[in-house]
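Scroll down for the structure; my scribbles are underneath it.
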Amino acid sequence: MTFQHEVLSRVVAFAKAKGLSVFLVGGFLRDALLGRRQSATALAATAEPKTPVNIDLAIASQALRVARQLATQLGGTYVCLDEANGSARVVVSSGDERMELDLSDFRGKTLEEDLARRDFTINAMALPLESWGREPAWTSKLIDPLGGRHDLTRKRLRACFVGTFIDDPVRILRAFRFAAELEFALDPPLISLMASAAPGLAQVAGERIRGELFAIFQTNRASWALTQLNDLRALDVLFPELVPGRGIEQGGYHHLDVLGHQLETVAQCDRLLSDFAEFAEELRAPILRYCAERLVEGRSRKALVKLAGLFHDVGKPATRRVEADGEIWFIGHEQFGAGLVEAVTERLRLSRREGELVQRLVLYHLRPGHLSREPQLTPRAIFRFFRDVGEDGPACLLMWWADRLATRGPASRLDQIDQQRARLEELLRAYFLKAEEAVKPPRVIDGNQLMAALGITPGPLVGRMLMAIEEAQAEGRVRSQEDALALARELAKTHDAS
């Protein structure tokens, strides 16, 4: 018996002992009907870290009290989600497996009223918990008053009621998230309903926006969802920083305006990061693992690269200059944009580390392009790039490549693509396959040894010496502690002379 089935069996026994009617509802049931429950094999194949299994359960009333009792019964943790509306979570763990059981009171007097108040028909089905998994046909016990199963079959997203988005504007993002994840079509009436409710997104907490937005970025249809949000002008409400880029011409290198180019960059990210087939075979696995890594639970580098891609040129409208000959320049837009995007990451309540990554990608997004035009990369150039960008270097390279492929104006140098791809892969190989040689050589000497050997005190000079020694190691000029000390003595003389 799997951990999941064991826990649910214990919940069924608990409910029976208490005389409770418990119903399985929401996304877990929907995904079971679609056959979307991931196996351990599928998880291993995608290199995605294990995520908690979240299961929604509905009861008539007293969900908070019942959840506390269930947490005690299961040896889990109780978390109050919404005291006013009667919603709580029980977290149960075993090894690296975790389940989140979300118990909620009916949204109405009956189960049918509860289902009628949910967001979309595909999420408005229920099943008596004791029927879950029973063979041969547990689905015969399905409670489906709004035709959600039929909508699953025809791959259509339909609202439960006309006021669904007014009641909760974040459902606009959720609609595009479901459509992107499941590759479903939107029921035509949804468009006008969402457009009317879009201004309400301004009042939604940043954490809720973040959750839906990052779920969209995790799919391979993020650019489609963002383009639809842009057409609805919902993107204007979410990110007013992007509005000035609409209609801003960029000159001969670009075929799109600033905002269109940023959306196209996300489209290229969708394509590049879907299967990494664009890259040499030896690079695919390490890039996949790197992109799947989560800086915080639930948010991967892959999603953060797409967020940075959406904002990488946000500083262009404010820095746009047109010369007398008609040439258009955006000098300093990367620095200006990095400042603007800081407010975005704060509004989304991203962690400090995530905010730093997004800002760094915006700030350094031109750097790989400069390196890519070099006929040959020097060890010093490779070392300095990763010294400055650090472990965000591969993310910067991936976003830059998406940016480059999104630039297809008449002046764009398509004849340079092969060379630029070669430089891109050279930098990625340095990071993933030759790190100790090219990116972060193992130290042959530390600061204390330097100070003892040279008779110097702690200070900035020691840091500069260590950095110079690392760079010389990457270039092959320093191979031993004796070489390092010789270089340090030269630097000390130069420092004393100044």
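Throughout, read-outs are computed from the coordinates displayed, never taken from laboratory work. All figures in this text were calculated on a predicted structure; none of them were measured in a lab. So basically every Cβ, Gly included, is an ideal-geometry build from the backbone, and we count neighbours across all protein chains shown.
Key figures
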| item | result |
| --- | --- |
| Cα-based equivalent ellipsoid of the range 279-373: semi-axis lengths in Å, sorted from largest, via gyration tensor | 28, 19, 8 |
| Cα pair distances in the range 153-204, grouped into 10 Å bins until the bin that holds the longest one, percent each | 27, 56, 16, 1 |
| The range 239-439: radius of gyration over Cα atoms, expressed as a fraction of 2.2 N^0.38 Å | 0.99 |
| Phi-based couplings in Hz for the range 382-398 (Karplus 6.51, -1.76, 1.60; Gly and Pro marked x) | 5, 4, 5, 4, 6, 4, 7, 9, x, 6, 8, x, x, 4, 5, 5, 5 |
| Within-10-Å neighbourhood charge of V258 [Cβ basis; K, R +1; D, E -1] | 0 |
| Cα-centre dipole for the chain with unit charges at Cβ (Lys and Arg positive, Asp and Glu negative), debye to 20 | 880 debye |
| Distance (nanometres) between label positions extended 7 Å along Cα→Cβ at E282 and N54 | 4.1 nm |
| Solvent-free Debye scattering, log10 I(q)/I(0), computed from the Cα coordinates of the range 343-498 at q = 0.11, 0.19 Å⁻¹ | -0.57, -1.10 |
| Leading residue at positive end of dipole, the range 3-154 (Cβ point charges), from A124, A13, A84 | A13 |
| Within-10-Å neighbourhood charge of C80 [Cβ basis; K, R +1; D, E -1] | 0 |
| Cα-centre dipole for the range 419-463 with unit charges at Cβ (Lys and Arg positive, Asp and Glu negative), debye to 20 | 160 debye |
| Taking F336, F386 and counting other C-beta atoms within 10 Å, the order from fewest to most | F336, F386 |
| Charge dipole (the chain, unit charges on Cβ, about Cα centre) - positive-most of I59, S192, Q335 | I59 |
| Lys, Arg +1 and Asp, Glu -1 on Cβ, resulting dipole of the range 3-154 about Cα centre, debye, nearest 20 | 240 debye |
| Column: log10 I(q)/I(0), Debye, Cα scatterers of the range 447-497, q = 0.27 Å⁻¹ | -1.09 |
| Gap separating the Cα centres of the range 143-210 and the range 345-389, nearest whole Å | 36 Å |
| Centroid-to-centroid separation of the range 431-450 and the range 287-339 [C-alpha atoms, Å] | 30 Å |
| Protection proxy ranking, peptides 163-174, 448-459, 148-159, average beta carbon neighbours within 10 Å, highest first | 163-174, 148-159, 448-459 |
| Cα-based convex hull volume of the chain per residue, rounded to whole Å³ | 199 Å³ |
| Dipole of the chain, positive direction: furthest Cα of G95, Q481, H370, with charges on the beta-carbon | G95 |
| Over the chain: helical MRE at 222 nm, DSSP H runs n ≥ 4 each giving -39500 (n - 2.57), nearest 500 | -16000 deg cm²/dmol |
| Considering only the chain, percent of DSSP beta bridges that pair antiparallel, nearest 5 | 75 percent |
